[in-house]
1. Tell me which residues, restricted to the range 257-276, are under 23 Å from Asn351 (Cα atoms) and in contact with a Ser or Thr (Cβ under 9 Å, 6 or more places away or on another chain).
2. So which residues in the range 1-59 are more than 18 Å from Ala77 (Cβ to Cβ) and assigned to a loop (DSSP other than H, G, I, E, B)?
3. Somewhere in the range 324-339, is a residue of a type in the set (A, V, I, L, M), assigned to a helix (DSSP H, G or I) and surrounded by 13 or more Cβ atoms within 10 Å (Cβ to Cβ)?
4. Given the criterion among the small types (Gly, Ala, Ser), under 22 Å from Glu335 (Cβ atoms) and in contact with a Phe, Trp or Tyr (Cβ under 8 Å, 6 or more places away or on another chain), identify the matching residue among Ala305, Ala286.
5. May I ask you to say which residue of Asp95, Asp88, Asp114 is closer than 19 Å to Gly15 by Cβ, buried (at least 16 other Cβ atoms within 10 Å of the Cβ) and assigned by TED's automatic domain parsing to the domain that holds Ile65?
6. Can you pull out the residues in the range 221-264 that are hydrophobic (A, V, I, L, M, F, W, C) and farther than 28 Å from Leu181 by Cβ?
7. Given Asp180, Asp157, Asp174, which one is modelled with pLDDT of 85 or more, over 21 Å from Asn113 (Cβ atoms) and part of a helix (DSSP H, G or I)?
8. Applying the selection to the range 268-288, what residues are surrounded by fewer than 20 Cβ atoms within 10 Å (Cβ to Cβ) and among the β-branched types (Val, Ile, Thr)?
Amino acid sequence: MKTEKWAIVTLSQDGMVLAQRILEHLEDKKCQLYTKEKYANETATIITTDITTFMGSLMNEYQMICCIMATGIVVRAIAPYLQHKSSDPGILVMDTKGEFVISLLSGHLGGANDAARLLAERLKAQAVITTGTDVKGTMAVDILAQKIKCAIDNYTDAKDITALILNDDLIALDNQENCDLEAVILPKNIELVTGLSNLNRYAGVIITSQAIKKPELPIPSVKLVPRKLVLGIGCRRDMPAERIIQAIQKTLTTLDFDQKAIKSLATIGLKAEEPGIIAACAFFGAKKVIIPNEMVQMVQSRFAASEFVFKTTGLYAVSEPCGYVASQFGKCLLEKQKLNGITLSVWQDQN
């Protein structure tokens, strides 16, 4: 797991004093301190633009941004760059005395609530958390999805169901994929059920990888999609991204899988910088996994060999060995498919 990157930003001398304390207490994080030139020391990087422009430069670079300044300044500075709760970084705000740590943005998915608690504990400060489910001690849909490694099909639906959870309405959870819920403490008003037909009395949370649309029920519901699909992929050199994306979509449609279920695309080192594969990973929000040739050679005898592939790669197979290894030697859901210069195989991750 990569070390979490934090930016510590301050615009005052008192803020610098607190920033140094934060650095001392966050040795397990990768922290970078930013301030104005007149307050900078050897540990700080100088802010050379206005604060709004500067904050924009940080938004895609750090998982957590801790601002030691007035909340109003931070709100105005980050406002032009906010995208969505699923992608915005966590934003914390602290007063220069270090008495309060405010979780301002992306409290759940961005981790700001947990970060505020962590920092407050280490600095002997008070965490300020305002998200309703945290205040009430219950659980939001996005946190449930995060804990069981699922994608949210529709964030508006998730918000609506979270509001019902917070309101103590009875919610049915249909765990069609048998996701591990053992370590998840569900709110008392969430009841496990089996089968969609049992949802007709409640609001529903449905966990499924299938490409079904939200059930036509007279009640609100949200679909959570487990990210367990690994696609082994090979392609001719400079294969256009559009063709790779379309091939993947067509393959998943045939299998009746939701494309949000894709966890990773696995290929060999020779294809590591293939623009079409990189673009497909970005399109599906999937991780690119490179399988070393040695690992492919260890398992390739399990799969049909291709002399053409051997002549071009030195390996007898690409798609299936890569998918097999990347899925933790998981279940094959679809053997290699040849799609006009693209080969795909589909696997269910064992992790």
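The values are calculated or read from the model by the stated rules, or taken from the named source; none is laboratory data. Predicted model only: the values in this text are computed from it and were never measured. Here the Cβ positions follow ideal geometry from the backbone for every residue, glycine too, while neighbour counts run over all protein chains shown.
1. Hits for the range 257-276 are Phe257, Asp258, Gln259, Lys260, Ala261, Lys263, Ser264, Ala266, Thr267, Ile268.
2. Met1, Lys2, Thr3, Glu4, Leu26, Glu27, Asp28, Lys29, Ala40, Asn41, Glu42, Thr43
3. Yes, the range 324-339 has at least one match.
4. When all the criteria are applied, what remains is Ala305.
5. Being closer than 19 Å to Gly15 by Cβ, buried (at least 16 other Cβ atoms within 10 Å of the Cβ) and assigned by TED's automatic domain parsing to the domain that holds Ile65 holds for just one of Asp95, Asp88, Asp114, which is Asp95.
6. Hits for the range 221-264 are Ile233, Cys235, Met239, Ala241, Ile244, Ile245, Ala247, Ile248.
7. Asp157
8. Scanning the range 268-288 gives a single hit, Ile278.
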